[in-house]
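Trainee: Please see the structure below; I have some questions.
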Amino acid sequence: MLALLATFYQLRLQRVHNEKSLKPLGQIDLPDHKKKLGIQIRNNGLGPLIIDRLTFSKHGTTYSSIEECIDIDPKSYMHISAGNLVRRVILPNTYLAVFEKNFGEHADESIIDHVRKQLSYITLKVEGRDIYDNKITFERDFRWFSRYILETPIKG
């Protein structure tokens, strides 16, 4: 009887180990270099990350797509959305590009700063799960984009 209990305990430990071994580690990256801006959801874990929902927040209002948060022509940049009907899977050591804007070699820095400023007010919340249906939620604000933007003080 003791051997049978030890076997079941060992099976439980193996299951817990397997779940931890295949756990995805989600991270939101904000690449900003060489006239290119982006928002990426990266999976640094060993298991797939299943994205159930992306929620963008700006000034206390939530949106399901980034195009609702910024006033840039949606045809000029790459973007995706993930609502209740669309599921995305991010494999280990890969990423999902949520937003990418390439300005080209001759872009004016003020145009890039305008987009950076609009992005800096947004927060992205990612809701997902692993293959064992364990919920995973993480979020990040985009204030990173405003690190070089200097506000001109109002005189008077």
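The values are calculated or read from the model by the stated rules, or taken from the named source; none is laboratory data. Because the structure is predicted, anything quoted here is derived from the model rather than measured. Here the Cβ is made from the backbone with ideal geometry for all residues, glycine too, and neighbour counts use every protein chain on show. Ligands, DNA and RNA are excluded from the accessible area calculation, which covers all protein heavy atoms including side chains. Shrake-Rupley method; radii C 1.70, N 1.55, O 1.52, S 1.80 Å.
Trainee: What number of residues in segment 101-149 are over 13 Å from the mean Cα position of the chain (by Cα) and either open to solvent by less than 50 Å² (accessible area, probe 1.4 Å) or touching a residue at least 60 places away in the same chain (Cβ under 8 Å) (or both)? I'd like the intermediate steps shown before the answer.
Mentor: Step one: filter segment 101-149 for residues over 13 Å from the mean Cα position of the chain (by Cα), giving 101-121, 129-135, 143-149.
In the following step, the residues that additionally are either open to solvent by less than 50 Å² (accessible area, probe 1.4 Å) or touching a residue at least 60 places away in the same chain (Cβ under 8 Å) (or both) were identified as 101-105, 107, 112-113, 115-116, 118-121, 129-132, 134, 144-146, 149.
Of the residues in that region, 23 qualify.
Trainee: If Lys35 satisfies every condition in (1) without any contact (Cβ under 8 Å) to a residue 60 or more places away in the chain; (2) over 30 Å from Glu19 (Cβ atoms) but one, which is the exception?
Mentor: (1)
Trainee: Look through segment 43-64, keep the residues that are among the polar types (S, T, N, Q) and in contact (Cβ under 8 Å) with a residue 40 or more places away in the chain, and return whichever of them is surrounded by the fewest Cβ atoms within 10 Å (Cβ to Cβ).
Mentor: First pass over segment 43-64, keeping only residues among the polar types (S, T, N, Q): 43-44, 55, 57, 61-62, 64.
The next check asks that each one be in contact (Cβ under 8 Å) with a residue 40 or more places away in the chain; those that pass are 43-44, 55, 57.
Values: Asn43: 22, Asn44: 14, Thr55: 17, Ser57: 16.
Applying the filter and picking the extreme gives Asn44.
Trainee: Go through segment 26-77 and give me each residue that's among the basic types (Lys, Arg) and closer than 12 Å to Glu100 by Cα. First the steps, then the outcome.
Mentor: Initial filter on segment 26-77 (among the basic types (Lys, Arg)): 34-36, 42, 53, 58, 75.
Scanning segment 26-77 gives Lys35, Lys36, Lys75.
Trainee: Considering only segment 121-133, I want to know if a residue exists there that is at pLDDT 90 or above, under 20 Å from Gln40 (Cα atoms) and of a type in the set (Ser, Thr, Tyr).
Mentor: Yes, there is a match, as at least one residue in segment 121-133 is at pLDDT 90 or above, under 20 Å from Gln40 (Cα atoms) and of a type in the set (Ser, Thr, Tyr).
Trainee: So, one more: Scan (1) open to solvent by 40 Å² or more (accessible area, probe 1.4 Å); (2) β-branched (Val, Ile, Thr); (3) in contact with an Asp or Glu (Cβ under 9 Å, 6 or more places away or on another chain) for the single condition Ile39 breaks and write down its number.
Mentor: (1)
Trainee: On to the next question. How many residues, within segment 41-56, are polar (S, T, N, Q) and within 10 Å of Gly26 (Cα to Cα)?
Mentor: The initial filter retains those residues of segment 41-56 that are polar (S, T, N, Q), namely 43-44, 55.
If we keep only those that are within 10 Å of Gly26 (Cα to Cα) too, we end up with 43-44.
The qualifying residues number 2.
Trainee: State whether one or more residues within segment 96-104 are out of contact with any strand residue (DSSP E or B) (no Cβ under 9 Å at 6 or more places or on another chain) and under 24 Å from Tyr148 (Cβ atoms).
Mentor: In the first step, residues of segment 96-104 are kept if they are out of contact with any strand residue (DSSP E or B) (no Cβ under 9 Å at 6 or more places or on another chain); the result is 104.
Of the ones still in play, those that are also under 24 Å from Tyr148 (Cβ atoms) are 104.
Yes, because at least one residue in segment 96-104 is out of contact with any strand residue (DSSP E or B) (no Cβ under 9 Å at 6 or more places or on another chain) and under 24 Å from Tyr148 (Cβ atoms).
Trainee: Which one is nearest to Leu46 (Cα to Cα) among residues in segment 65-100 that are open to solvent by 30 Å² or more (accessible area, probe 1.4 Å) and in contact (Cβ under 8 Å) with a residue 60 or more places away in the chain?
Mentor: Checking each candidate, the answer is Pro92.
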